Amino acid sequence: MTTKNKAIVALVCGIVGLVGGWIPVVQYITGVLSIVAIIFGAMALKDKPEGSEKSMAVAGLVLGIVACAITLLAILCVVCAAGLAVAAGAQIQQ
């Protein structure tokens, strides 16, 4: 796989991960894509790219990191909301 292809994969996975990180059910799948973006972005940067390849690799890496953070934050919110729902249900039964 060439450096340009790795950079393109990183950029596309980063964009999809960032957009999908805001959608509640899809965030679990796009969390994996954001990790793929980080991996391919790092691999593309390791190959010493030039010009637009380097820009795409850096953008993919940054988008992957941001998407991963958003996905983790969204999953944490879902877990906290579920815990609050269980606690509220336990109070109602008492």
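The values are calculated or read from the model by the stated rules, or taken from the named source; none is laboratory data. None of the values given here were measured: they were computed from a predicted structure. Note: ideal-geometry Cβ built from the backbone for every residue, glycine included; neighbour counts use all protein chains shown.
For residues in the stretch 27-41 being aliphatic (A, V, I, L, M) and modelled with pLDDT of 90 or more, which is surrounded by the most Cβ atoms within 10 Å (Cβ to Cβ)? My answer is A37.
Can you tell me which residue in the stretch 13-25 is farthest from V79 (Cα to Cα), limited to those that are of a type in the set (A, V, I, L, M) and either more than 11 Å from the chain's Cα centre (by Cα) or surrounded by fewer than 17 Cβ atoms within 10 Å (Cβ to Cβ) (or both)? Across the stretch 13-25, the extreme among qualifying residues is V19.
When restricted to residues that are assigned to a loop (DSSP other than H, G, I, E, B), closer than 20 Å to T71 by Cα and in contact (Cβ under 8 Å) with a residue 40 or more places away in the chain, the stretch 8-50 contains 3. Taken residue by residue, the stretch 48-57 has at least one member that is on the phi > 0 side of the Ramachandran plot, small (G, A, S) and out of contact with any Cys (no Cβ under 9 Å at 6 or more places or on another chain). Is it true that some residue in the stretch 51-68 is out of contact with any strand residue (DSSP E or B) (no Cβ under 8 Å at 6 or more places or on another chain), surrounded by 23 or more Cβ atoms within 10 Å (Cβ to Cβ), of a type outside the set (S, T, N, Q) and free of Cβ contacts under 8 Å to residues at least 40 places away in the same chain? No - not one qualifying residue is present in the stretch 51-68. Taken over the stretch 1-12, residues that are loosely packed, with under 13 Cβ neighbours inside 10 Å and among the polar types (S, T, N, Q) amount to 2.
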